[in-house]
Amino acid sequence: MIKINLLPPELRKKKKVPFIDRTFIYGILVLVGEIILLYLISLTQQTRIAELDSKIAAAQLEFDKYKEKSVMLEKAQQLRSELINRMSAVQELENKRAYWVKNLTEFSSLVPEFLWIERFEEKTEGTIVCRGNSYTLKSIATFLVNLTKSDLFGNIKLGPINQTTIGKASGYSFDITMNIKKEGHPQQLGTFVVDTVRAEEVRQKGYKSFVSSTRSKLGLYSKEEAKKMFQGIND
């Protein structure tokens, strides 16, 4: 059945229009909810970032601690390498010292009277060049014979002999080239080795110092031990 309102327009009931539309309210609520959700997500992320920053700071402190130890270890290794290089240099000098002492001793025993050497130089490894003066040719000949018979020198080559004035007397200058035989080459006397095993054993076992070990052997006491003994007597 159809209802017809026959009242005049001024007497008809007017429909109430809501002040705010419900759709608008729902939209506002959804927007507020999204803002709250984003805030919670942001707060969670900030908390996570703070935790990560704390872990990064702790890791940085740990890294700095080990970095300092790494620098100390690197310096220790560098110092060890320098010491080994120096000891190797000392070893090489020691080998060469024995080498030259032997060769020069042998060489000086071959120099005859009225002859002296002004220059003795190792031109290349195992090759010696010497320059000398003599008052007589006989001394030079004797020197050559001695070098030829020597077991240490070989391949003797005499250079030009020049007549010269030595002081107020007449003399001769000469040059000789020779090789040092294999028997005269430097011999290895040993090798320097850094014994770190012994140092580690001492550190781990905690050996007593020389003073403390000597005190214990002689029956002496340290200040702390003597103080404890006197306290026991007084008690």
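The values are calculated or read from the model by the stated rules, or taken from the named source; none is laboratory data. This one's a predicted model, so the numbers in the text were calculated from it and none came from an experiment. Don't worry about glycine lacking a Cβ; one is built from the backbone with ideal geometry, like all the others, and counts go over all protein chains shown.
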| request: All but one of (1) farther than 12 Å from Asn179 by Cα; (2) of a type in the set (D, E, K, R); (3) in the same structural domain as Lys168 (by TED's automatic domain parsing); (4) out of contact with any Pro (no Cβ under 9 Å at 6 or more places or on another chain) hold for Arg86, so report the exception by its number. | output: (3)
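May I ask you to say which residue of Gly167, Gly126, Gly184, Gly159 is more than 29 Å from Ser88 (Cβ to Cβ) and either at pLDDT 90 or above or surrounded by 11 or more Cβ atoms within 10 Å (Cβ to Cβ) (or both)? Please lay out each step first, then the result.
Working: Gly167 fails: either at pLDDT 90 or above or surrounded by 11 or more Cβ atoms within 10 Å (Cβ to Cβ) (or both); Gly126 fails: more than 29 Å from Ser88 (Cβ to Cβ); Gly184 fails: more than 29 Å from Ser88 (Cβ to Cβ).
Of Gly167, Gly126, Gly184, Gly159, the one residue that is more than 29 Å from Ser88 (Cβ to Cβ) and either at pLDDT 90 or above or surrounded by 11 or more Cβ atoms within 10 Å (Cβ to Cβ) (or both) is Gly159.
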| query | Can you list the strands (runs of 3 or more DSSP E) found entirely within the range 124-185 that contain at least 3 residues being touching a residue at least 24 places away in the same chain (Cβ under 8 Å) and among the small types (Gly, Ala, Ser)? | reply | 169-180
| said: Given (1) farther than 30 Å from Gly167 by Cβ; (2) in contact with a Ser or Thr (Cβ under 8 Å, 6 or more places away or on another chain); (3) not in a helix (DSSP H, G or I), identify the lone condition not met by Trp116. | reply: (1)
| request: For Ser109, indicate whether it is of a type in the set (S, T, N, Q) and surrounded by 11 or more Cβ atoms within 10 Å (Cβ to Cβ). | output: no
